[in-house]
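Nothing in this text is a laboratory measurement; each read-out follows from the coordinates by a stated rule. Note that the structure is predicted; figures quoted are calculated from it, not measured. Don't worry about glycine lacking a Cβ; one is built from the backbone with ideal geometry, like all the others, and counts go over all protein chains shown.
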Amino acid sequence: MLMKNKLISDLKKNIPASNVLNTLEERYAYAQDATNIRRIKNLPDAVVFVENTEQVQKVVKLANKYKVPVICRGAGTNVVGACVVEHGGIILNFSKMNKILSISKENMTVVVEPGVVLGCLQKEVEKLGLFYPPDPSNLAVSTIGGSIAQASGGAKSFKYGTTKDYVIDLKVVMADGQILKTGSGTIKNATGYNLNTLFVGSEGTLGIVVEATLKLIPKPQSKKVIMAYFDTVREAVLAVNAIIEQRIYPATIDFMDKNAIQTVEKFYPANLLTDKEAALVIETDGFECSMKYQEDIITRILNTCNASEIQVSHNDDEYNKIWTARRSSMGACAKLKPNVTTDDVIVPRENLEALVLGIRAICEKYSLEVCMVGHVGDGSVHPQIPINYNDEDEYKRYKLAKAEIYDLTAKLGGILSGEHGIGSEKREHIHKVINSVALDYMRQIKKTFDPNNILNPYKIF
Ligand SMILES: Cc1cc2nc3c(=O)[nH]c(=O)nc-3n(C[C@H](O)[C@H](O)[C@H](O)COP(=O)(O)OP(=O)(O)OC[C@H]3O[C@@H](n4cnc5c(N)ncnc54)[C@H](O)[C@@H]3O)c2cc1C
């Protein structure tokens, strides 16, 4: 207790005292993230709102002095327990480091602080005719720092890749307080090891990102969304491959199963066809003159694949309505029961049908409801399972189902996360998909970067 009091007092001496929170209520509010873990067992000792790099370095110095964890936090919207507090320590809140520092039209790059909200960044660069494609469904709130740390993707990953493909340089405060730069402002770099990709997806365990330089691309002139409904999941999945085989490359090919369609329509009416088994949400983009051509080819393929109904957006309102519906799936699911869990498994696309039908069979076996959405163009599926955590039996069945879903994914040549990360929620399963030699090397990397194990300890492994 004495040690904790000294830590708080040192923090308040080094950081403006109003930026250091340590009442019980405040600590409680930051013990949880969007993972919605079942029981909060540990609270942080303090929450610090940092305003600049020097303050981050000061906090890291104190964490080393008192040997307490430092857990970075953007918007707290990760769904794998990456910000969950397990051993006390300091939450570093980046909401005050939220400036876009510069946008270069010439270089097509942007330099940002980690607390910038992704959707705001997209709007700003789009004003200049530029484009930052990574788009997790909650981009209205999630931050650049958090999306770098979780290697976030989103619907547009299919055509444009994920956060990994856009980070060209990071300024990072290391566990000993030194500043490391991972890359350069150039869009190509073959100079030494690629530290960018090491930090992207490292979940705050290797260093603290205080500035990021991101690559931008030209904003596509036009976009349109086609929603296609099917009477079987199999037909929907086959249509995904049929589109790709025709060398048409939509920006997104997303999926909703019947439960997801019905649940969303119930809570956010968007005229979705609730009697259909599955739907694909296909976005095309590009030059205005190519839009009709793309629509015609895709519609033809969808008809050949037995799509039972096709809706096409004709204006921004219709476009936004369809995407709002698709992005609302987790929020809608959360209304079915007191709690909701979401997952993120990915397989080579040839095994997509087996994954979707397999997840459904596993959930049926354990009498669990499941709403399935996913970025199926990538082979990525998000089973969302509404649950009542107070129901011991249901929780037990959920844990068994979750383990079986991971076993199935591994058997189908897949991996445990395409974009959400591992955090604390999946670490006990990581050995199912990463071999022991690779895991050993990962642990050694962690030790080299963070010998005192203060940076978000025990996450991932
Ligand atoms: C409704 C919903 C829909 C979602 N849809 C998608 C989706 O489609 N695709 C997708 O990829 N994800 C999705 N996610 C997951 C989530 O959006 C991402 O994980 C998100 O980008 C995390 O951002 P955040 O700012 O909330 O980070 P946080 O949750 O605050 O933090 C995430 C991780 O980043 C670390 N971190 C934060 N800032 C820093 C920093 N400056 N330096 C080092 N580490 C840092 C934290 O310690 C933690 O480990 C969804 C989540 C929700 C709730």
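Quick check of the Kirkwood formula: for segment 104-164, what is the inverse mean of 1/r over all pairs of different Cα atoms, in Å?
11.7
Skipping prolines and chain starts, which residues have an amide H placed within reach, meaning under 5 Å, of the one on VAL345, given they are 5 or more residues away or on another chain?
Distant-sequence amide H within range of VAL345: VAL381.
Just the ratio, please: alpha-carbon radius of gyration of segment 245-393 over 2.2 N^0.38 Å, N its number of residues.
Dividing the Cα radius of gyration by 2.2 N^0.38 Å gives 1.11.
Could you give the spread of the C-alpha atoms of segment 2-93 along their three principal axes, from largest to smallest, in whole angstroms?
The Cα atoms of segment 2-93 stretch 35, 28, 22 Å along the principal axes, largest first.
Can you tell me which lysines have their Cα less than 19 Å from the Cα of LYS276? Leave out same-chain residues fewer than eight positions away.
LYS258, LYS266, LYS321
Using only Cα atoms, figure out Rg for segment 336-432 and give it as a multiple of 2.2 N^0.38 Å.
Relative to the rule-of-thumb radius for its length, segment 336-432 sits at 1.01.
Translational diffusion coefficient of the chain at 25 °C, 0.890 mPa s, Stokes-Einstein with Kirkwood Rh over Cα pairs, in µm²/s as a whole number.
107
Calculate one ³J(HN,Hα) per residue across segment 390-401 by plugging θ = phi - 60° into the Karplus curve 6.51 cos²θ - 1.76 cosθ + 1.60, and present them in order as whole Hz with x for glycine and proline.
7, 8, 3, 5, 5, 5, 4, 5, 4, 4, 5, 4
When the convex hull of the Cα atoms of segment 415-461 is projected onto a plane and the area is averaged over all directions, what value comes out in nm²?
Averaged projected area of segment 415-461's Cα convex hull equals 3.3 nm².
Calculate I(q)/I(0) for segment 100-218 by the Debye formula, one identical point scatterer on each C-alpha and no solvent, and give its log10 at q = 0.11, 0.15, 0.21 Å⁻¹ to two decimals.
Each listed q maps to, in turn, -0.31, -0.60, -1.21.
Kindly provide the chymotrypsin sites (Phe, Trp or Tyr not before Pro) of segment 152-237 that DSSP labels as loop, not H, G, I, E or B, and whose Cβ sees at most 10 other Cβ atoms within 10 Å.
Answer by residue number: TYR193.
Sort MET3, MET174, MET330, MET256 so the one with the fewest other Cβ atoms within 10 Å of its own Cβ comes first.
MET3, MET174, MET330, MET256
Stretched out fully, how many nm does the piece from ARG443 to ARG427 gain, at 0.36 nm a residue minus the Cα gap?
Computed gain between ARG443 and ARG427 is 4.5 nm.
Using every alpha carbon pair in segment 303-378, what percent of pairs falls into each 5 Å bin from 0 up to the bin containing the largest distance?
It works out to 3, 11, 16, 19, 21, 17, 10, 3, 0, in whole percents.
For an R0 of 56 angstrom, estimate the FRET efficiency from the Cβ-Cβ distance between ARG247 and TYR395 and round to the nearest 0.05.
Given R0 = 56 Å and the Cβ-Cβ separation, E is 0.75.
In Å, what is the Rg of the alpha-carbon atoms in segment 155-243, and how long is Dmax?
Rg then Dmax for segment 155-243, in Å: 18.8, 58.
What is the Cα radius of gyration of segment 222-330 over 2.2 N^0.38 Å, N being its residue count?
My calculation over the Cα atoms of segment 222-330 gives 1.00.
Determine which residues of segment 181-201 fall in the zone a paramagnetic label at ASN64 would reach in this model, i.e. backbone nitrogen under 20 Å from the point 7 Å along Cα→Cβ.
181-182
On average over all directions, what projected area in square nanometres does segment 207-269 have, based on the convex hull of its Cα atoms?
Average projection, Cα convex hull of segment 207-269: 8.6 nm².
Along segment 189-196, what does the Karplus equation 6.51 cos²θ - 1.76 cosθ + 1.60 (θ = phi - 60°) give for ³J(HN,Hα), rounded to whole Hz, x for Gly and Pro?
Once rounded to whole Hz, the list reads 7, 10, 10, x, 5, 8, 6, 4.
Simple spin-label model, 7 Å along Cα-to-Cβ: TYR458 to SER222 in nm?
That separation, rounded to one decimal, is 5.6 nm.
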